[in-house]
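Following: one structure in structure tokens, then a few remarks.
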Ligand SMILES: *Cc1c(COP(=O)(O)O)cnc(C)c1O
């Protein structure tokens, strides 16, 4: 029995070899390497994919968060409210821009930001909310955006895991004042290297972000903002992403079907987080169980690789835990209880069977 990997990028690249080589040849042929025609076309195509707003390509999902936060705060200070269970990317960005973080607890059934916990956290000094559509699942955006609007708080959606998720005709990235995307190779829409993008709702927002990604320039060599930097999505990555963008919805549907198979096979002691509707991009197949390390050992015994997204909540990270006393009972309850199963569009039926059989044979303790 060969081990089922959590992901396998080589398979996907091989299947798309010809289209990717054609994209490479286009770039070599026209001689633009940054901010050329592929980048401009990708920005336009991606904005249309999300259903509006202005798209700004940047170098990574983390840069997208940093630049969106800088534009949102715009030198005024204020706190950033976000969750503590989403890998730390928001905390990294807030730390880089010098904004203090307020942690908000998550919903026990979906693991994304709880609107009622957010409401309790929206004290006067919170200026920005970053909501992460974790594992690919859209958060309760109608409730969250209503709370932000009522209090004049700027909303940033972190869509790094949720590209292509749609609820009632509205896509991930269509609610926030800003929405950030990552094209890190393992994301549902991956580049062949790093990449990121920001969707900006307003003209004012996109004006700021375009200056911030290019040295703070108002025009060439004329610096209008002192908080600018260099952050570019290069022409080659834009060309690859244009090739792949039309396939994302199909891939997401395949991912959802894989997670559904796991849900159908798992015993009562393993709760597979549902990813059934189009409002879930099914980026990660996450399960909840009483003892995740016990399940991890069982899966490895059955040659099924697995990971944890994410093992340490932000407020317990050694570098960030200076402020104590967060009230995050759900976030802390989930520690040691979550595990990520293999899930990628090119998984074979045999591999899916192997994961399903391993789940079905687990006789660990039921979750209380
Ligand atoms: C991957 C990821 C990021 C960071 O993206 P990079 O391109 O790796 O910088 C941010 N937020 C979330 C939720 C992610 O999954």
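FYI, it's all coordinate maths here, none of it is from the lab. Nothing here was measured: the structure is a model prediction, and the numbers come from that model. Methodologically, a virtual Cβ is constructed for each residue, glycine included, from the backbone with ideal geometry; neighbour enumeration extends over all protein chains shown.
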Please report, in whole Å³, the volume per residue of the convex hull around the C-alpha atoms of region 117-211. 113 Å³
Packing-based ranking, highest mean first, of 101-109, 34-42, 64-72, 119-127 given that Cβ atoms within 10 Å are counted: 64-72, 101-109, 34-42, 119-127
When a/c is below 1.5 the answer is rounded, else prolate if a/b is larger than b/c, else oblate, so apply that to region 247-317 with a ≥ b ≥ c taken from the square roots of the Cα gyration tensor eigenvalues. oblate
Compare the peptides 343-349, 207-213 by average per-residue count of other Cβ atoms within 10 angstrom and give them in order, highest first. 207-213, 343-349
In terms of the alpha carbon gyration tensor, root eigenvalues a ≥ b ≥ c, rounded if a/c is under 1.5 and otherwise prolate when a/b exceeds b/c or oblate, region 2-114 is oblate
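Would you mind putting 214-224, 265-275 in packing order, based on average other-beta-carbon counts within 10 Å, highest first?
Numbers: 214-224: 12.1, 265-275: 18.5.
Packing proxy ranking, top to bottom: 265-275, 214-224.
Scale the Cα Rg of region 156-227 by the rule-of-thumb value 2.2 N^0.38 Å and send over the ratio, two decimals.
On the way: Rg = 14.3 Å, N = 72, 2.2 N^0.38 = 11.2 Å.
Dividing the Cα Rg of region 156-227 by 2.2 N^0.38 Å gives 1.28.
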For region 162-299, how big is the tail of P(r) above 21 Å, as a whole percent of Cα pairs? 58 percent
Compute the convex hull volume of the Cα atoms of region 291-341, divide it by the residue count, and report the result per residue in Å³ as a whole number. 73 Å³
Cα-based Rg and Dmax for the chain, where Dmax is the largest Cα-Cα distance (Å): 20.6, 66
With both partners inside the chain, how many of the DSSP beta bridges are antiparallel, as a percent to the nearest 5? 60 percent
Over all directions, how big on average is the projection of the convex hull of the alpha-carbon atoms in region 316-368, in square nanometres? 6.4 nm²
Cα gyration tensor of region 163-202, axes a ≥ b ≥ c as square roots of the eigenvalues: rounded (a/c below 1.5), prolate (a/b > b/c) or oblate? oblate
With only alpha-carbon atoms in the gyration tensor, what are the semi-axes of the equivalent ellipsoid for region 194-272, in Å, largest first? 42, 16, 11
Report Rg (one decimal) and Dmax (nearest whole number) for region 45-184, counting Cα atoms only, units Å. 13.6, 38
